[in-house]
Amino acid sequence: MAASLLERLSLDLEVLSEHLRAGMDPFGTLLCYLEGARGGGTTLLHAPYEEALPVLKALNGLSFRGRILLALDPSPLSATAEGIPLSGPTRAPLEHLLDQVRPQRLLLAFPGAGLGRAFPGGKETEGGWRPLEAEGEPLALEVEAPTGLTYREVRAYAPWESPPLPLDLPQGEGPYLGEVGRRRGIPTYGVGLVDLRSSLEAILRLG
């Protein structure tokens, strides 16, 4: 499975490289660099690899200042030694990216619409997702990235919250991975894949 996924990623990287600066990191995350107008910092936009097409369409022709680094994360497709499929992205690839890039802002694409600015904390157990304080141990999985790199993922994620933004967007619960950014002091928000372009335009206008 890892070999076939890596082949898919490599083919997509070839295509992306024909249009913009692109690369792949040790976890198999595809990285695309988009340059905007002068001024502004780096925004890391993290999205599932399987949502690459709608995310790229949302970014096409978008006006912004600074730089957007689009990270297309294949971790939900990664195999585990336990044979348990992943229900969503893992922590380690995002941690690696944030430590390498140190962006001024982190945006996490997630299903739904509008802005996600908080998560109450949760864990994935054998019986499904539950609050952190609920009974049951979180899954502890040995994950194999498409590149062959292996790492341990404990499926428990701390609560997080970011300050409200002056935006006319629906606001609600964000993705669980937001704690990775908030723990590093990075302004972190979820952006819904529904009408993603409008949400990105509104957020990026804030500078």
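The values are calculated or read from the model by the stated rules, or taken from the named source; none is laboratory data. Source: prediction; values computed, not measured. When the accessible area is computed, the model is the full protein with side chains, heavy atoms only, and any ligands, DNA or RNA have been set aside. Shrake-Rupley method; radii C 1.70, N 1.55, O 1.52, S 1.80 Å.
Give the shape of the chain as rounded, prolate or oblate, defined through the alpha-carbon gyration tensor: a ≥ b ≥ c are the square roots of its eigenvalues, a/c under 1.5 means rounded, and otherwise the shape is prolate if a/b is larger than b/c and oblate if not. It comes out oblate by the Cα gyration axes.
A simple rule links phi to the HN-Hα coupling: the Karplus curve 6.51 cos²θ - 1.76 cosθ + 1.60 with θ = phi - 60°, which for the stretch 121-130 gives x, x, 9, 9, 10, 4, x, x, 6, 9 Hz, with x for Gly and Pro.
Leaving out ligands, DNA and RNA, and with a 1.4 Å probe, what % of the accessible surface on the stretch 43-113 is carbon or sulfur? Ligands and nucleic acids excluded, carbon and sulfur give 51 percent. Distance from the Cα centroid of the stretch 151-197 to that of the stretch 9-71 is 19 Å (rounded to whole angstrom).
Think of a 1.4 Å ball rolled over the protein heavy atoms: the chain then has 48 Å² of accessible area per residue.
Is the shape of the stretch 72-147 best called rounded, prolate or oblate, per the rule: a/c under 1.5 gives rounded, else a/b larger than b/c gives prolate, else oblate, with a ≥ b ≥ c the square roots of the Cα gyration tensor eigenvalues?
Oblate, because a/c is 1.5 or more while a/b does not exceed b/c.
Taking amide H as placed 1.01 Å from N in the peptide plane, residue 191 has its amide H under 5 Å from the amide H of 108, 109, 110, 116, each at least 5 places away in sequence or on another chain. The amide H of residue 132, built 1.01 Å from its N in the peptide plane, has 122, 123 as neighbours under 5 Å, considering only residues 5 or more places off or on other chains.
Across the chain, the relative contact order, built from alpha-carbon pairs under 8 Å that are at least six residues apart, equals 23 percent.
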